[in-house]
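Novice: First the structure, which I've put down as structure tokens, then a few questions once you've had a look.
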Amino acid sequence: MTTDDTSPKTKFGFQLVMLTRRWRKAIHTELAASGLTDATWAPLVHLDAERDGLSQTALADRLALDSSTVVRLIDLLAERELIERQVDPDDRRARRLVLTDKGDVEVARIKHHLAEFEAELLKDLTDDEVRDVIRVLEKISTALDISQETRG
């Protein structure tokens, strides 16, 4: 079976992966210049998105890291008083990770810095173009979810 190397759908996955890597590297470099590492800012942003907190396992999944790496990361962030472990109200044996007040301040700083940098990267796109890209990415995300469910 041959593939049509000129087809946009054939080129899409590779382009997306390469862009994602470059985007992540650019953000990492930008935030590192202001003293933020991927290991510290990414978990804080994920915890900010889930105000009720996340389990260690859920955070590891979102960061695409193994549990042992996440344990060290959680310890570091807790030591810096950016997060804390709280008893899960649904399962008293479990702990949820939540931001502290100090963590909230740090996330606000991260988000501000990210917003400025991303605005610079996207300055040549209209808001409608960005909305279109987001809409397409959401459709692809849904297709991935369905694919994973059916292949289970």
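Novice: Using the heavy atoms of the protein chains alone and a 1.4 angstrom probe, what is the accessible area of the chain per residue in square angstrom?
Specialist: Heavy-atom SASA per residue in the chain reads 74 Å².
Novice: Follow-up question, since we're still on this one. Roughly how far apart, in whole Å, are the Cα centres of the range 19-85 and the range 98-152?
Specialist: After rounding, the separation between the Cα centres reads 15 Å.
Novice: Rounded, prolate or oblate for the range 1-62? Axes are the square roots of the Cα gyration tensor eigenvalues, ordered a ≥ b ≥ c, and the cut-off for rounded is a/c under 1.5.
Specialist: oblate
Novice: Tell me which label goes with the value of volume of the Cα convex hull per residue in Å³ computed from the coordinates here: [x] 106; [y] 355; [z] 171.
Specialist: Recomputing volume of the Cα convex hull per residue in Å³ here picks out [z].
Novice: Separate question: Between Ile110, Ile134, Ile74, find the one with the highest GNM mean-square fluctuation for the chain; connect C-alpha pairs within less than 10 Å.
Specialist: Ile134
Novice: Here is a follow-up. Can you work out the Karplus-derived ³J(HN,Hα) for every residue in the range 34-45? Use 6.51 cos²θ - 1.76 cosθ + 1.60 with θ = phi - 60°, whole Hz, and x for glycine or proline.
Specialist: In residue order, the calculated couplings are 9, x, 10, 9, 4, 5, 9, 6, 4, x, 5, 5 Hz.
Novice: Next up: Quick one: which of 22-29, 81-88 comes out on top by average Cβ neighbours within 10 Å, and what's the full order, highest first?
Specialist: 81-88, 22-29
Novice: List the residues, sorted by chain then number, that are 5 or more residues from Ser55 or on another chain and whose placed amide H is less than 5 Å from its amide H.
Specialist: So Ser55 has HN proximity to Leu97.
Novice: Build a GNM of the chain with springs between Cα atoms under 10 Å: which of Val105, Val71, Val133 gets the top mean-square fluctuation?
Specialist: Its mean-square fluctuation being the largest, the pick is Val133.
Novice: Can you tell me which lysines have their Cα less than 19 Å from the Cα of Lys9? Leave out same-chain residues fewer than eight positions away.
Specialist: Straight-distance partners of Lys9: Lys139.
Novice: To continue, here is another question. Roughly how many percent of the accessible protein surface of the chain is carbon and sulfur, given a 1.4 Å probe and a whole-percent answer?
Specialist: Heavy-atom surface of the chain belonging to carbon and sulfur, 1.4 Å probe: 53 percent.
Novice: Using each residue's phi in the range 96-113, evaluate 6.51 cos²θ - 1.76 cosθ + 1.60 at θ = phi - 60° and report the 3J(HN,Hα) Karplus result to the nearest Hz, with x for Gly and Pro.
Specialist: Using θ = phi - 60°, the values come out as 10, 9, 9, 6, 8, 4, 5, x, 4, 5, 5, 5, 4, 5, 4, 4, 4, 5 Hz.
Novice: Also: Using Cα springs under 10 Å in a Gaussian network model of the chain, which residue among Gly13, Gly53, Gly35 shows the largest mean-square fluctuation?
Specialist: Judging by the Gaussian network model, the answer is Gly13.
Novice: Per-residue HN-Hα couplings for the range 128-136, Karplus 6.51 cos²θ - 1.76 cosθ + 1.60 at θ = phi - 60°, whole Hz, x for Gly and Pro?
Specialist: Result, rounded to whole Hz: 5, 5, 5, 4, 4, 5, 4, 4, 5.
Novice: Shifting gears a bit: Quick check: residue separation of Thr37 and Lys123 times 0.36 nm, minus the Cα distance between them. What number comes out in nm?
Specialist: 28.5 nm
The values are calculated or read from the model by the stated rules, or taken from the named source; none is laboratory data. Just so we're clear, the structure is a prediction, and the values are computed from it rather than from any experiment. Backbone-built Cβ (ideal geometry, glycine too); neighbour counts: all protein chains shown. Accessible surface is based on the protein model in full, side chains and every heavy atom, while ligands, DNA and RNA are left aside. Shrake-Rupley method; radii C 1.70, N 1.55, O 1.52, S 1.80 Å.
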